[in-house]
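Worksheet for the structure shown next.
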Amino acid sequence: MTSVPLLTIDELSVAFKTRKGTVQALHGVSFTLEKGEIIGLVGESGSGKSVTAYNVLGLLGPAARVTGGRIGFGGMTMTTARESALREIRGREISMIFQNPRGALNPIRPVGRQIEDVLREHSDLPRHKLKGAAIDMLHQVRINEPERRYAAYPFELSGGMCQRVMIAMALACEPALLIADEPTTGLDVTTQKAIMDLLVELARARHMATLLITHDLGIAAQYCDRIMVMEKGRLVEGGATADLFRAPRHPYTRKLIAATPRPDSTLADLIASTGTPARPAAEAPATAVAPNAVEPLLEVTDLVKEYPLAEKTKASGLGPLQRWFGRTPQTAGKDEPGQPPAGVFRAVDGVSFTVMPGESVGLVGESGCGKSTTSSMVARLLDPTSGAIRFDGQDIAAVPAGRFARSPLRAGIQMVFQDPTDSLNPRHTAFAAIAEPIRRLATPGDGPALTRRIEALADRVGLPRELLSRFPHQLSGGQKARVGIARAIAVDPKLLILDEPTSALDVSVQAVVLELLDGLRRELGMSYLFVSHDLNVVRLLCHRVLVMHRGRIVESGPAERLLTSPDHPYTKALIDAVPHFVPDGDPAAPTPEAAALKLAGE
Amino acid sequence: MTAEALRHARYVVTENPVTLVAFTLFTLLVTAALFGPLLVPYDPLATNTLVALQPPSWDHWFGTDHLGRDVFSRVVVAARLDLAIAVSAVALSFVVGSVIGSIAGYYGGWADRIISRLVDTVMAFPLFVLAMGIVAAMGNTVENVVYATAIINLPFYARMARAEVNVRRNAGWVAAARLSGNSGARVLACHLFPNVLPPMMVQVSLNLGWAILNAAGLSFIGLGVTPPTPEWGIMVAEGANYIVSGQWWLALFPGLALMLAVFTFNLMGDGLRDLIDPQRRT
Amino acid sequence: MARLIMILRRFGQALPTLVGIIVVTFLLTRALPGDPAAYFAGAAADAESIEEVRVMLGLDRSLPEQFWIYLGDLAQGDLGMSISTGQPVLTEILTRLPASLELTLTGLLIAVVIALPLGILAATRPGSWVDHLCRLIVTAGVSLPIFFTGLFLVYIFYYLAGWAPSPLGRLDIFFLPPPHVTGFYTIDALLAGDVETFQAALAQLALPALTLAIFALAPLARMTRASMLQVLSSDFVRTARANGLPPGQVLSTYAFPNALLPILTTLGMVFSFLLGANVLVEKVFAWPGIGSFAIEALIVSDYAAVQGFVLAMALLFVGLNLAIDIAYTVIDPRVSLDA
């Protein structure tokens, strides 16, 4: 492997023409990729990792221009090659798979035909053998019943299956290099693990070089031979995976490694190198404060939410994945007593739990498990089909969601939303957003009093006061998250529901926000219901964890215990699927369950 | 906000000078509509058979018609009536359409089903044909032309408001507004509607042009406005008879005025679209 | 099979629309200001004949009863008598419909043949001269009042250039209409092997059809361009490119079929506008279609004729929308799930 590298990127600089002038996206990036090697290209949003990868195939639009350096592949210079020459390489020598696999497939063409299109263009197979070859590829990516799936349309397949089809398409012509652009972002952890395992296994078997672009250090650590870290268009550090984690040299790498939650990290670890002074409270592990109150603040009993089958995706706002799961026989649910009536889908199926005053409870599960529906019902944004929700001693499920806005208990339950951008009215300033609940639910007082109150809230969440007059699009992701938090605590709620509050944020921002949330709970004595798919994040903030699967709570218990020695097989699979790394050692060896899952198809 | 909006507006205008042209033309139209009768050199209704069918000259910029009336004066004065019909029709359908569309989009269920069915029924007709039918049934008057134009415009606003409200209904900030203690109606009126307004304004501008064309089309076939009132559609209709004998100016100038008005509103719509959202420019 | 059921279901879904149309056309006659019977009887009627008409039309009964009678008449194809021509409205409409259809469909065909390639070219070459041409046509096209376009085509091609025949009807008076087969003069002339009549019919058809085409061109080209631009920047087209598929195939099997869906929707709207525009064009070119019939009827307050005309147009439009829906079902496999 010491001969000519397969791929050479040499001092590559790329600029984009935008309405605001030229923006330099890459500043002299250099690295090489050997035959059969798996390299991770890691960085936060805007680091230039995707720009680098797209440039290899010449896929950037006309707005992008290579301003310096070259990309060599084999004996060819990709940066100066003609479009027709590039077309010969694409799909045959270098393939690419993308984020959001469902959108990356032609929605109105059967997936098998799409694989055939690639084969027809690049292979020497006669026409009548194309279909067989396409089905064989589907078989190789472990899609069950490949003959039947050949004729399926993307909308009939789950996200994981679509990504398998993408892989089949990419590998159909045995390329020497595969570029995978965030291939599992947006997929569930167990699906993510299955896809990554498959990808790496196929790459190793074919001795195919792979360039894996990801924002997730855990994935890179677990699957890559070498890792390149990028920041703001520059390659800041690169090296063998074990070396990089053992002794990161660049401060940015150190910060990134520290900010990525691990099974054993504490909040203090997370923010150690973000430059934010840790609050005294954060030094103690979250689990140290166990609530001793007697009366639960929130008591949920036998909560059920049903949707008519035809309308459930619309009504619940869940993705098409959910729709697919609801419809296929293998996931349609076991024959148990209490089956929902025909034509009805149970998003939440008899959920019971409590939250004590001052306690932080995590609600964990994959997309479509019903955790968001549950939290919406608890927040009284959605009416349950049946079941009771007792809050502060009163049955609040009895008040219809439409009228709960005028209930005196409204101020008691507030919420922090998943996507900070989506959760702020684009036409309201940060000040107006925070003032809204005070104006409607509390006594706002006169102008100066309200201003003082909102400035105090801004101080509390670490939002600079001068940003209060700005509109959402003028704020960064982290700042928007702070506005959302300030709004949620503005009317002193007793229960704060956190719906994946950091999943849309970069890891370094996530660390700071998590620390802020933890500190606020201690200072204000609120209870948290923390909804998340990320076990490592939940562990940092929660005393107890509930694991949800297909509308039910399958396991619950103290966070530490549940995450170290889970009982339920689903919890085990979930924990094993979380990509992780050990800072000073080899990537964790897969557990038996994980090995078993690895061979499973879809 | 305002400083930034101004900056953005200046940017849009300098980037696309056509928008500037559109706003200039718009000013011209509004001036003609407001002060037309004061500005014109002749009485638009005064006939003078001595000077009938004269081609454009220094005395009569746009020539004279078969009754010797000054075409220029008539074209300028007609702006008021044409714009008034279009503006009142569009205002009517905008108000009614956006209210019922927002309700359908936000509440869904029965309200949505009934409103959508009504809108679909209107859309099931070829719209100009429906307008003809309505004017014929309700009586051949200018007000009825306004109502008919409003009815055939209504579906666009209702559908648009419904769709725009619907995509935002499940947004995080709508849920946040409910958590902040806003009732459903308040969320719709104070939070959702202001966000739906900008794309609706683009539609208003584009629709104004269309409404002018519709009203002119109706009077071209003899509905609504009656002679000798100066109105662009009627003037083209009257001029049509003289086209085959080569007296082109009778129909050309009112036709051009119509075109200019529609063109202005369309350009303005595109300009507004840029102003609101550069991404959606097509 | 599943698709056939879906198509049948689409027919079923058109039923409520049909009911809506019939209710509206019914209400239109009953919304007449003053006395509907007086309108139906015509301007020259005396009190006695008005009363006669009132009884004949059932206007002395309750509204639901009247509606029921109206439905019964419709089922028998009875749209009433046209007072201006003295013929049954249905007969009038059926004899004039081919003329209107020939004109409208020719106009639509010309528009589609020009607009689709233009929009696709403009989208694939943004910023090129084709793109600018497309923008120009789109902006100018939507601003042109259709009767104005027609008049000036006449002025240029008939009065100035002398290339076109006089804009009066479907056929020069020196020619006899070809034997009736389809009712479309051009096709019938060809079927009869009469080349001269075909040329004459085509010459008469050219200007009005072109007028309609100019009108329909703008929205179609605009939507084609926008829809292609959007599809070309989609993830799946990027995938096709990343897989090295040739540009022709990317365009024909990946981009265009997906772009076609919104274009089809626009086609429905354009047809709706064309049916209206048709009325104006028929007036300009003295084209003996149902549009001219309706205008004549409007002038003399021949209400049954106007009502029949509105109903016929709406039914035509429903038929076209059905065809578009079915085309949609064939192109887009996802439709089945949403239905």
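Please determine whether any residue of region A:50-57 is in contact (Cβ under 8 Å) with a residue 60 or more places away in the chain and surrounded by fewer than 18 Cβ atoms within 10 Å (Cβ to Cβ).
no
Looking only at region B:54-93, which residues are in contact (Cβ under 8 Å) with a residue 40 or more places away in the chain, farther than 12 Å from B:PRO230 by Cα and of a type in the set (Phe, Trp, Tyr)?
Of everything in region B:54-93, just one residue is in contact (Cβ under 8 Å) with a residue 40 or more places away in the chain, farther than 12 Å from B:PRO230 by Cα and of a type in the set (Phe, Trp, Tyr), namely B:PHE62.
Could you please find all residues in region A:378-393 being on the phi > 0 side of the Ramachandran plot and more than 14 Å from chain B (Cβ to nearest Cβ)?
Hits for region A:378-393 are A:GLY387, A:ASP392, A:GLY393.
Looking at region A:166-177, I want the residues that are more than 20 Å from A:GLY103 (Cβ to Cβ) and have a partner that is outside any helix (DSSP H, G or I) and among the aromatic types (Phe, Trp, Tyr) with Cβ atoms under 9 Å, at least 6 apart or on another chain. Which pairs are those?
Close Cβ pairs (under 9 Å, with a partner that is outside any helix (DSSP H, G or I) and among the aromatic types (Phe, Trp, Tyr)) amount to A:ALA176/A:PHE73; A:LEU177/A:PHE73.
Here is a check on your reading of the model: is C:SER233 within 30 Å of A:ILE179 (Cα to Cα), within 13 Å of chain B (Cβ to nearest Cβ) and buried (at least 24 other Cβ atoms within 10 Å of the Cβ)?
Here the answer is no, as C:SER233 does not meet what is asked.
Return the pair list, or none, for Cβ contacts closer than 8 Å from residues in region A:99-119 that are farther than 15 Å from A:PHE155 by Cα to residues that are among the charged types (D, E, K, R) and assigned to a loop (DSSP other than H, G, I, E, B), at least 6 apart or on different chains.
A:GLN99/A:GLU182
Could you say whether any residue in region A:145-157 is touching a His at 6+ places or on another chain (Cβ under 7 Å) and more than 14 Å from chain C (Cβ to nearest Cβ)? Let's see the steps before the verdict.
We begin by selecting, within region A:145-157, every residue touching a His at 6+ places or on another chain (Cβ under 7 Å); these are A:146.
Filter once more, so that each one left must be more than 14 Å from chain C (Cβ to nearest Cβ): A:146.
Taking every residue of region A:145-157 in turn, at least one turns out to be touching a His at 6+ places or on another chain (Cβ under 7 Å) and more than 14 Å from chain C (Cβ to nearest Cβ).
Right, B:ARG186: without any contact (Cβ under 8 Å) to a residue 12 or more places away in the chain, surrounded by 22 or more Cβ atoms within 10 Å (Cβ to Cβ) and either more than 25 Å from the chain's Cα centre (by Cα) or more than 30 Å from C:PHE285 (Cα to Cα) (or both) or not?
Against the criterion (without any contact (Cβ under 8 Å) to a residue 12 or more places away in the chain, surrounded by 22 or more Cβ atoms within 10 Å (Cβ to Cβ) and either more than 25 Å from the chain's Cα centre (by Cα) or more than 30 Å from C:PHE285 (Cα to Cα) (or both)), B:ARG186 does not qualify.
So which residues in region A:378-399 are modelled with pLDDT of 90 or more and in a helix (DSSP H, G or I)?
Result: A:VAL378, single match.
Would you confirm whether or not region A:113-122 contains a residue that is out of contact with any Asp or Glu (no Cβ under 9 Å at 6 or more places or on another chain), facing another protein chain (nearest Cβ under 9 Å) and farther than 21 Å from A:LEU177 by Cα?
Yes.
With (1) at pLDDT 90 or above; (2) in a loop (DSSP other than H, G, I, E, B); (3) within 14 Å of chain B (Cβ to nearest Cβ) as the list, and A:SER375 as the residue in question, which single condition is left unmet?
If we test A:SER375 against (1) at pLDDT 90 or above; (2) in a loop (DSSP other than H, G, I, E, B); (3) within 14 Å of chain B (Cβ to nearest Cβ), just (2) comes out false.
Rundown of residues vs (1) at the interface with another protein chain (Cβ under 9 Å from one of its Cβ atoms); (2) over 27 Å from A:MET78 (Cβ atoms); (3) buried (at least 20 other Cβ atoms within 10 Å of the Cβ), yes/no style:
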| residue | (1), (2), (3) |
| --- | --- |
| C:ALA240 | yes, no, yes |
| C:GLY248 | no, no, no |
| C:PHE256 | no, yes, no |
| C:GLY268 | no, yes, no |
| C:PHE271 | yes, yes, yes |
| C:LEU280 | yes, yes, yes |
| C:PRO288 | no, yes, no |
| C:TYR303 | yes, yes, yes |
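Quickly run through region A:446-502 and pick out the residues that are under 10 Å from A:ALA430 (Cα atoms), over 25 Å from the mean Cα position of the chain (by Cα), among the small types (Gly, Ala, Ser) and within 12 Å of chain B (Cβ to nearest Cβ).
Matches in region A:446-502: A:SER469 only.
Can you tell me which residue among C:GLY42, C:GLY80, C:GLY58 is surrounded by 15 or more Cβ atoms within 10 Å (Cβ to Cβ), touching a Gly at 6+ places or on another chain (Cβ under 8 Å) and at pLDDT below 85?
Values: C:GLY42 fails: touching a Gly at 6+ places or on another chain (Cβ under 8 Å); C:GLY58 fails: touching a Gly at 6+ places or on another chain (Cβ under 8 Å).
Exactly one residue qualifies, and that residue is C:GLY80.
Step by step: first the residues of region A:419-436, then only those that are polar (S, T, N, Q) and at the interface with chain B (Cβ under 7 Å from one of its Cβ atoms), then the one that is surrounded by the most Cβ atoms within 10 Å (Cβ to Cβ). Which residue is that?
A:SER423
Picking from B:PRO198, B:PRO230, which residue would you name as being modelled with pLDDT under 90 and within 14 Å of chain A (Cβ to nearest Cβ)?
B:PRO198
Criterion first (out of contact with any Ser or Thr (no Cβ under 7 Å at 6 or more places or on another chain), touching a residue at least 24 places away in the same chain (Cβ under 8 Å), farther than 25 Å from B:VAL244 by Cβ and aliphatic (A, V, I, L, M)) does C:LEU171 satisfy it?
No.
Please indicate, with yes or no, whether at least one residue in region A:133-141 is of a type in the set (Val, Ile, Thr), out of contact with any strand residue (DSSP E or B) (no Cβ under 7 Å at 6 or more places or on another chain), more than 10 Å from every other protein chain (Cβ to nearest Cβ) and assigned to a loop (DSSP other than H, G, I, E, B).
Yes: one or more hits.
Against the condition more than 8 Å from chain B (Cβ to nearest Cβ) and under 20 Å from C:LEU144 (Cα atoms), how does C:LEU275 come out, does it pass?
So C:LEU275 does not fit the description; no.
Can you tell me which residue is surrounded by the fewest Cβ atoms within 10 Å (Cβ to Cβ) among those in region C:124-140 that are of a type in the set (Gly, Ala, Ser) and facing another protein chain (nearest Cβ under 10 Å)?
Let us first name the residues in region C:124-140 that are of a type in the set (Gly, Ala, Ser), namely C:127-128, C:140.
Still in the list and also facing another protein chain (nearest Cβ under 10 Å): C:127, C:140.
On the way: C:GLY127: 9, C:ALA140: 15.
Restricting to residues being of a type in the set (Gly, Ala, Ser) and facing another protein chain (nearest Cβ under 10 Å), the top hit is C:GLY127.
Against the condition within 14 Å of chain B (Cβ to nearest Cβ), at pLDDT below 90 and within 30 Å of C:GLN76 (Cα to Cα), how does C:ILE326 come out, does it pass? Step through it out loud before you land on a result.
Working: within 14 Å of chain B (Cβ to nearest Cβ): no; at pLDDT below 90: yes; within 30 Å of C:GLN76 (Cα to Cα): yes.
In short, no.
In region A:134-145, what count of residues is obtained for those that are crowded, with 17+ Cβ neighbours inside 10 Å and more than 21 Å from A:MET196 (Cβ to Cβ)?
Residues flagged as crowded, with 17+ Cβ neighbours inside 10 Å and more than 21 Å from A:MET196 (Cβ to Cβ) within region A:134-145 amount to 2.
In region B:235-259, what residues are in contact with a helix residue (DSSP H, G or I) (Cβ under 7 Å, 6 or more places away or on another chain) and within 8 Å of chain C (Cβ to nearest Cβ)? It would help to see each step written out before you state the result.
Here is the first cut: in region B:235-259, the ones in contact with a helix residue (DSSP H, G or I) (Cβ under 7 Å, 6 or more places away or on another chain) are B:235-240, B:242-244, B:246, B:248-251, B:253-255, B:257-259.
The answer is B:VAL236, B:ALA237, B:GLY239, B:ALA240, B:ILE243, B:VAL244, B:GLY246, B:TRP248, B:ALA251, B:GLY255, B:LEU258, B:MET259.
Every residue in region A:85-107 that is facing another protein chain (nearest Cβ under 9 Å) and part of a helix (DSSP H, G or I), please.
Passing the criteria: A:LEU86, A:ARG87, A:GLU88, A:ILE89.
The values are calculated or read from the model by the stated rules, or taken from the named source; none is laboratory data. Quantities reported herein were computed from a predicted structural model and do not represent experimental measurements. We place every Cβ from the backbone using ideal geometry, glycine too, and count neighbours over all the protein chains shown.
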